[in-house]
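The values are calculated or read from the model by the stated rules, or taken from the named source; none is laboratory data. From a predicted model like this one, the values you see are computed outputs, not experimental measurements. The accessibility values were calculated without ligands, DNA or RNA, using every heavy atom of the protein model including side chains. Shrake-Rupley method; radii C 1.70, N 1.55, O 1.52, S 1.80 Å.
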Amino acid sequence: MKKEYLTYLAPVMTFLAFLLDGQLSTLLINWLPGSILVSSHILLMIAIFLSFQLSIVYSVSLFTVMGLLYDLYYFGVLGIAVTLLPLAVYLIYYFYQNLSFKTITNHIILVVILFVFKFFAFLLARLFSLTNLSMFIFVFNDLLPTLVFNSILLLLLQPLLKPLFGITNKT
């Protein structure tokens, strides 16, 4: 069952998730020791839940705009998130063509989408000479902590997001 109000609330929700991601990531980076980097990706979690409520054209368009904001805010170079966020949304739609909406499915899809987003963002950043970080340091100090943190965060947020999006466990 599609909720019509989400068509109008989706841009506001994604923008708030975008802002919350930045603040939460900064807080975690300041709390954690050494060179461990954890990035919050509530925006991608919202994308998972919106995939059942919005058309693919609307979602890809919305996340292209969010990718533009993401590039301007975080990277300073246009092209990385503008390419990867719509690709991530398309992959979410592709995965859910044959899968049902369950907690374990959401976690698997989140891990895959986060891996694709972070890994290809790193590769593009290396290509554009935005970083000279080694692959080993990236995987163990950034990618792995981010995947673990966002998996736990999805476990905590999923019971709150399901009713907001009108998703029930009824058959």
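Name the residue, out of MET45, MET66, MET13, whose mean-square fluctuation peaks in a Gaussian network model built on the chain with Cα pairs under 10 Å.
Answer for the Gaussian network model of the chain: MET13.
Given the rule -39500 (n - 2.57) for each run of at least 4 DSSP H residues, summed and divided by the residues of the chain, what is its mean residue ellipticity at 222 nm, to the nearest 500 deg cm²/dmol? Mind dumping the intermediate values first?
Values: 7 runs with 117 residues, N = 171.
About -23000 deg cm²/dmol.
Expressed as a rounded percentage, what relative contact order does segment 35-95 have, with Cα pairs under 8 Å and six or more residues apart? Please report the intermediate quantities before stating the final value.
On the way: 51 pairs, mean separation 20.9, N = 61.
Answer for segment 35-95 is 34 percent.
With every protein chain kept in the model, how would you rank LEU16, LEU84 by accessible area, 1.4 Å probe, largest at the top?
LEU16, LEU84
State, as an integer percentage, the relative contact order of the chain based on alpha-carbon contacts under 8 Å between residues 6 or more apart.
Computed value for the chain: 26 percent relative contact order.
Determine the principal axes of the Cα atoms in segment 58-171, then give the extent along each, sorted from largest to smallest and rounded to whole angstroms.
On the principal axes, segment 58-171 reaches 50, 32, 24 Å in Cα extent.
With springs connecting C-alpha atoms under 10 Å apart, model the chain as a Gaussian network and identify which of ASN132, ASN150, ASN30 has the largest mean-square fluctuation.
ASN132
Karplus couplings for segment 32-49 from phi (6.51 cos²θ - 1.76 cosθ + 1.60, θ = phi - 60°), rounded to Hz, Gly and Pro as x?
Per residue, the Karplus-derived 3J(HN,Hα) values read 7, x, x, 9, 6, 10, 10, 10, 7, 10, 5, 4, 6, 5, 4, 4, 4, 6 Hz.
State the percentage of accessible surface on segment 1-158 attributable to carbon and sulfur atoms; use a 1.4 Å probe and exclude ligands, DNA and RNA.
Values: 6060 of 8240 Å².
Its accessible area is 74 percent carbon and sulfur atoms.
Please give the helix 56-70 orientation as an angle from the longest Cα principal axis of the chain, in degrees from 0 to 90, rounded to the nearest 10.
Once rounded, one gets 30 degrees.
Considering only protein heavy atoms, what per residue accessible area in square angstrom results for the chain with a 1.4 angstrom probe? Each step should come with its number before you reach the end.
Details: 9300 Å² over 171 residues.
Accessible area per residue: 54 Å².
For the chain, modelled as a Gaussian network with Cα springs under 10 Å, which listed residue fluctuates most, SER59, SER51, SER134?
Answer for the Gaussian network model of the chain: SER134.
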